[in-house]
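**Student:** Dropping the structure in here first, questions after.
The values are calculated or read from the model by the stated rules, or taken from the named source; none is laboratory data. Note that the coordinates shown come from a computational prediction; the quantities given were computed from them, not determined experimentally. Counting neighbours? That spans all protein chains shown, and the Cβs are built from the backbone with ideal geometry, glycine included.
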Amino acid sequence: MDIVKTETVNVGGGSAVLRATVTGTGLGRNLVITSMPHPDLPATIAAPPTPVYQYLSITSSTITGVVNQTTLDFSVPQAWLTDHGFEQRDIVMLHYVNGTWQALNTEFISQNGGTVLYRATTPSLSYFAIAYQQDSTLTGIATLLPTPVAVATDSVQQTPLPVNSPSQGMIVRKDTQAPPPAPIAVPDEGLPLATIIAGVICAVVIIVGLFLVRRWWIRRQNPALFRKYD
């Protein structure tokens, strides 16, 4: 009895697909997945009715057993989303099978700098398209970062999500109000000249007054001392 195995390999070919995780029996020891980007589709394949970031064809090395499913990790530049006015939740991977384009279960994984990472699960390999479809991306527990034009306040959670996992919650954006500006301090321009002069005059009057009062008090206590000067 063949044992079901899961193999994860890096994907070559230079397309947006980075890694593939294949689950099945009889996969072989040297599993190779190749994803080739295509600027155009073959004449026998009609383009999907939606904006497409990249067409690609994915093949594998010879597998003698059975492949149950393949999970594809791929990336889309944030700049492409921004230029087209798309959100990170608007990306889907389409699979061309039996003459039609079928939307795959596509999940948001994380944002790393200017690159947004996604994961899609497909039952087979053939032609694919990374395309726009509004609100088609499942959002898991990974944390979305603000786009480069926004203010970054949260860190990126890089932990991959399990395949076909449902959304674990909603992303809540909290807008914080900036504190009111501090009052502007007015520099001290010093005392006016008139105030200084008035202060000096008051000081002189007080000193003279104290002198006269003291002299009067001494003369009252010793009248004989001052009699000859009267």
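**Student:** Please list, ordered by first then second residue, the pairs with beta carbon atoms under 8 Å, 6 or more apart or interchain, first in segment 101-117 and assigned by TED's automatic domain parsing to the domain that holds Gln134 and in a loop (DSSP other than H, G, I, E, B), second among the aliphatic types (A, V, I, L, M) and surrounded by fewer than 19 Cβ atoms within 10 Å (Cβ to Cβ).
**Tutor:** Qualifying pairs under 8 Å: Gly114/Ala79.
**Student:** Is one or more of the residues making up segment 28-46 among the charged types (D, E, K, R) and surrounded by 18 or more Cβ atoms within 10 Å (Cβ to Cβ)?
**Tutor:** Checked against the condition, which is being among the charged types (D, E, K, R) and surrounded by 18 or more Cβ atoms within 10 Å (Cβ to Cβ), segment 28-46 yields no hits at all.
**Student:** Which members of segment 121-136 meet the condition of being at pLDDT 95 or above and among the hydrophobic types (A, V, I, L, M, F, W, C)?
**Tutor:** Once the filter is applied, which keeps residues that are at pLDDT 95 or above and among the hydrophobic types (A, V, I, L, M, F, W, C), segment 121-136 yields Phe128, Ala129, Ile130, Ala131.
**Student:** So which of Leu18, Leu27, Leu41 is touching a Lys or Arg at 6+ places or on another chain (Cβ under 7 Å) and either of a type in the set (Phe, Trp, Tyr) or assigned by TED's automatic domain parsing to the domain that holds Asn105 (or both)?
**Tutor:** Just a single option satisfies the conditions, and that option is Leu27.
**Student:** Residues to consider are Leu41, Leu31, Leu18; find the one that is over 20 Å from Gln102 (Cα atoms), in contact (Cβ under 8 Å) with a residue 24 or more places away in the chain and assigned to a loop (DSSP other than H, G, I, E, B).
**Tutor:** Leu31
**Student:** So is Tyr53 of a type in the set (Ser, Thr, Tyr), closer than 15 Å to Gln134 by Cα, at pLDDT 95 or above and in contact with a strand residue (DSSP E or B) (Cβ under 8 Å, 6 or more places away or on another chain) or not? Break it down into steps so the answer makes sense when it comes.
**Tutor:** Working: of a type in the set (Ser, Thr, Tyr): yes; closer than 15 Å to Gln134 by Cα: yes; at pLDDT 95 or above: yes; in contact with a strand residue (DSSP E or B) (Cβ under 8 Å, 6 or more places away or on another chain): yes.
In short, yes.
To keep it simple, each residue is scored yes or no on (1) outside the structural domain of Asn98 (by TED's automatic domain parsing); (2) part of a strand (DSSP E or B); (3) free of Cβ contacts under 8 Å to residues at least 12 places away in the same chain.
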{"site": "Ala46", "(1), (2), (3)": "no, no, yes"}
{"site": "Thr50", "(1), (2), (3)": "no, no, no"}
{"site": "Tyr53", "(1), (2), (3)": "no, yes, no"}
{"site": "Thr59", "(1), (2), (3)": "no, yes, no"}
{"site": "Thr62", "(1), (2), (3)": "no, no, no"}
{"site": "Asn68", "(1), (2), (3)": "no, yes, no"}
{"site": "Asp73", "(1), (2), (3)": "no, yes, no"}
{"site": "Ala79", "(1), (2), (3)": "no, no, no"}
{"site": "Thr82", "(1), (2), (3)": "no, no, no"}
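**Student:** Let me ask something else. What's the number of the only condition in (1) at pLDDT below 95; (2) closer than 14 Å to Ser124 by Cα that Val9 fails to meet?
**Tutor:** All conditions are met except number (2).
Quick grid of which residues meet (1) in contact with a helix residue (DSSP H, G or I) (Cβ under 7 Å, 6 or more places away or on another chain); (2) modelled with pLDDT of 95 or more; (3) more than 27 Å from Gly24 (Cβ to Cβ); (4) of a type in the set (S, T, N, Q):
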residue: Asp73; (1), (2), (3), (4): no, yes, no, no
residue: Leu81; (1), (2), (3), (4): yes, yes, yes, no
residue: Met93; (1), (2), (3), (4): no, yes, no, no
residue: Asn112; (1), (2), (3), (4): no, no, yes, yes
residue: Val116; (1), (2), (3), (4): yes, yes, yes, no
residue: Arg119; (1), (2), (3), (4): no, yes, no, no
residue: Leu138; (1), (2), (3), (4): no, no, no, no
residue: Leu144; (1), (2), (3), (4): yes, no, yes, no
residue: Thr153; (1), (2), (3), (4): no, no, yes, yes
